[in-house]
Amino acid sequence: MVKTEIRSALEAMKIIGSGNSKRITRAHRMNDASSRSHSVFTIHCQLHNGQKDATTKTILQLVDLAGSENVKETGVEGVALAESMHINKSLTSLGRALHAVLSNEGKSSQKKQVISFRETTLTHILSDVLSGNFVCSLILTASASPAHRQAELTSKTLAFGMGAKRIDVRASPNKAVKETKLSHFLSGVWRTVTWG
């Protein structure tokens with residue numbers, strides 16, 4: 001994972017290009033240039049309004065998921081097999097997390113199931129967007145094969161997209177409190193606890 005500070009859209013595009021150039025692809029029976037990993041590009045934006053003494057923060061995540069692979073059909077071995085297993089595990093974990101988020105909608109906090117976002121790096125990175133206080137938009141492009149033997153995989157891909165599209169995360173602004181204001185507030189709480 002690489003973190004760097006950027007100040008323009010052009011700098012962001014250069015970093016995306018650099019990241020894409022480092023992605024590894026391998027040929028197998030089903031694909032001549034199969035991605036061997038997912039790609040997540042996260043932009044943290046911060047805007048400070050000096051007049052209102054307020055800071056607005058937001059996150060934009062661009063995610064390119066590697067496709068699920070049927071090892072029997074791809075015929076991969078060795079390193080490519082290990083990569084396939086990691087890809088499939090992370091996609092399965094992401095699918096479970098999406099299902100849990102959707103199942104929890106509308107339930108009271110006591111009835112909500114615990115979502116394990118730490119199963120894989122992918123779900124951990126996406127945990128804020130999937131369950132946090134963020135507005136989510138999904139742009140899903142799915143590679144569908146016309147081959148009859150790929151119908152089940154294509155169906156699963158489309159079902160994943162439909163499930164992800166149904167997530168309804170409601171964002172409301174969190175206000176960042178300046179350190180001096182926070183110190184003043186905490187000292188008032190301390191006085192209340194001590195003498196109240």
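The values are calculated or read from the model by the stated rules, or taken from the named source; none is laboratory data. What you see is a predicted model, and the numbers here were worked out from it, not measured in a lab. Note that we place each Cβ from the backbone using ideal geometry, even for glycine, and neighbour counts take in every protein chain shown. Calculation scope for accessible area: heavy atoms of the full protein, side chains included, ligands and nucleic acids excluded. Shrake-Rupley method; radii C 1.70, N 1.55, O 1.52, S 1.80 Å.
Points to keep in mind about this one:
- The string of couplings for the stretch 82-97 from the Karplus curve (6.51, -1.76, 1.60, θ = phi - 60°) is 4, 4, 4, 5, 5, 4, 5, 5, 5, 5, 5, 4, 5, x, 5, 4 Hz, one whole number per residue in order, with x for Gly and Pro.
- Estimated distance in nm for a label pair at Asn104 and Ala33, the labels positioned 7 Å out from Cα along Cα-to-Cβ: 3.9 nm
- Solvent-accessible surface of the stretch 10-70, taken per residue with a 1.4 Å probe and all protein chains present: 71 Å².
- Carbon plus sulfur fraction of accessible area for the stretch 36-115, probe 1.4 Å, in percent: 54 percent
- Using θ = phi - 60° in the Karplus curve 6.51 cos²θ - 1.76 cosθ + 1.60, the 3J(HN,Hα) couplings for the stretch 46-59 round to 9, 10, 10, 9, x, 5, 8, 6, 10, 10, 10, 10, 8, 10 Hz; x is entered for Gly and Pro.
- With a 1.4 Å probe rolled over the protein heavy atoms of all chains, the accessible area of Ile15, Ile87 falls in the order Ile15, Ile87, largest first.
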